[in-house]
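The values are calculated or read from the model by the stated rules, or taken from the named source; none is laboratory data. Everything numeric in this text was worked out from a predicted model, so none of it was measured. Cβ atoms come from the backbone with ideal geometry, glycine included; neighbour counts cover every protein chain shown. Remember, those area values only see protein heavy atoms, side chains included, never the ligands or the DNA or RNA. Shrake-Rupley method; radii C 1.70, N 1.55, O 1.52, S 1.80 Å.
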Amino acid sequence: MFPPSGCEVYDVVAVCTGNYNTPYIPQEYDTTPFTGTVLHSYYYDDPLDFEGQTVLVVGFASSALDIALDLRRHGAKTIVYKRNVNRTNTMPEDVVVVTDTSIKCFRKKSVVFENNTEYDIDSIIFCTGYKGDVSFLDETCRLTYFWPRNVVYPCYNLCLNAFYPTMALLCRAFAILPFLFSEYQAQYFTAVVSGKVKLPSLEERLDASCDYSDLSKVQPPCDTFSVMTAESQFEYFRHVLSSGDITLPSNLHQQYQLYESLLLLSDTDLENYRNLYDECVKSIL
């Protein structure tokens, strides 16, 4: 009966597809009347494809800011629709930032906002995030995907399948340091499957996992699965490494300081902060 034909059996499974594998464009944006180019940031490649154009960038997170500036540097006029009002980054004066309103509709060659302002545009780039698709996992994995929360339940310590802890879903949080996140979760998972770590009972693992079917019951710190601040990330790193009986990196605090410094630089000097990375490292490490 098991395994089915064409399947293979493994003792350990690491799901490393992350959260950025399925581009998402909200259904509220009906671009049917628009005759120009429409794409998701996932497919953005060459800014010269948009040289001389007026491009609407929908979003105000990292991808949107990077793409808007990249387009500007290569001869495009950019209009940024600021969906995320929590970001405070300052854009150059020649970049139009639209905020405190929403998109009303798209016309053949323009976008109209609810405040009745209208801009002629040639292309639209949606920087509206991703779905962390796990539809390839069989129902026997006993995992449930919740959208729009974009999380998988039940995951113990934000990575282990609570029912079958020899399966891990790595690096599924947002707004994180993906390389550190992946590295430390992988170290913890290795400690678990090697038998170095004794896990609590299934009941305790389920109790420690967030059930996103009732969001009213979802409270920090487990809610940090979806979005983690810099401070909460490093608290989690300490927790997951100590849970795996893994020695904390001696420079973990410096890593946190570096991350905080780069975040501050990106807020104050969005165009040049990446060029200041080496100076940041020298001042901290």
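One table, with the values for the structure above:
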| quantity | calculated |
| --- | --- |
| Matching residues, the stretch 82-108, being over 28 Å from residue 265 (Cα atoms) and touching a residue at least 40 places away in the same chain (Cβ under 8 Å) | 103, 105, 106, 107, 108 |
| Inter-residue pairs, beta-carbon under 8 Å, first modelled with pLDDT under 75 and in the stretch 174-186, second open to solvent by less than 50 Å² (accessible area, probe 1.4 Å) and among the hydrophobic types (A, V, I, L, M, F, W, C), 6+ apart | 174/228; 175/228; 176/228 |
| Subset of the stretch 237-261 that is surrounded by 18 or more Cβ atoms within 10 Å (Cβ to Cβ) and of a type outside the set (Ser, Thr, Tyr) - its residue that is modelled with the lowest pLDDT | 258 |
| Enumeration of residues in the stretch 141-188 that are more than 17 Å from residue 248 (Cβ to Cβ), in a helix (DSSP H, G or I) and more than 18 Å from the chain's Cα centre (by Cα) | 141 |
| Subset of the stretch 85-121 [part of a strand (DSSP E or B), open to solvent by less than 20 Å² (accessible area, probe 1.4 Å) and not hydroxyl-bearing (Ser, Thr, Tyr)] | 98, 106, 111, 112, 113 |
| Pairs with Cβ under 8 Å, 6+ apart, first in the stretch 148-159 and touching a residue at least 60 places away in the same chain (Cβ under 8 Å), second open to solvent by 10 Å² or more (accessible area, probe 1.4 Å) and in a strand (DSSP E or B) | 150/130; 150/131; 150/174; 151/145; 153/144; 153/146 |
| Hits in the stretch 26-60 (condition: of a type in the set (A, V, I, L, M, F, W, C), closer than 30 Å to residue 182 by Cα and buried (at least 16 other Cβ atoms within 10 Å of the Cβ)) | 57, 58, 60 |
| Single residue of the stretch 39-72 satisfying the filter (part of a loop (DSSP other than H, G, I, E, B) and touching a strand residue (DSSP E or B) at 6+ places or on another chain (Cβ under 9 Å)) that is farthest from residue 125 (Cα to Cα) | 52 |
| Which listed residue, of 6, 75, 18, is in a loop (DSSP other than H, G, I, E, B) and modelled with pLDDT of 95 or more | 75 |
| Complete set of residues in the stretch 49-66 that are hydrophobic (A, V, I, L, M, F, W, C) and either touching a Leu at 6+ places or on another chain (Cβ under 7 Å) or under 21 Å from residue 34 (Cα atoms) (or both) | 50, 55, 56, 57, 58, 64, 65 |
| Failed item in (1) surrounded by 16 or more Cβ atoms within 10 Å (Cβ to Cβ); (2) out of contact with any Ser or Thr (no Cβ under 6 Å at 6 or more places or on another chain); (3) at pLDDT 95 or above, with residue 193 passing the rest | (2) |
| Sole residue being of a type outside the set (Gly, Ala, Ser), modelled with pLDDT of 90 or more and in contact with a Lys or Arg (Cβ under 8 Å, 6 or more places away or on another chain), chosen from 127, 159 | 159 |
| Residue in the stretch 122-138 that is farthest from the chain's Cα centre (by Cα), counting only those that are closer than 18 Å to residue 77 by Cβ and either in a loop (DSSP other than H, G, I, E, B) or of a type in the set (A, V, I, L, M) (or both) | 122 |
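Every residue, every condition in (1) over 30 Å from residue 206 (Cα atoms); (2) hydroxyl-bearing (Ser, Thr, Tyr), yes or no:
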residue	(1), (2)
73	yes, no
108	yes, no
123	yes, yes
140	no, yes
146	no, no
149	no, no
155	no, no
160	no, no
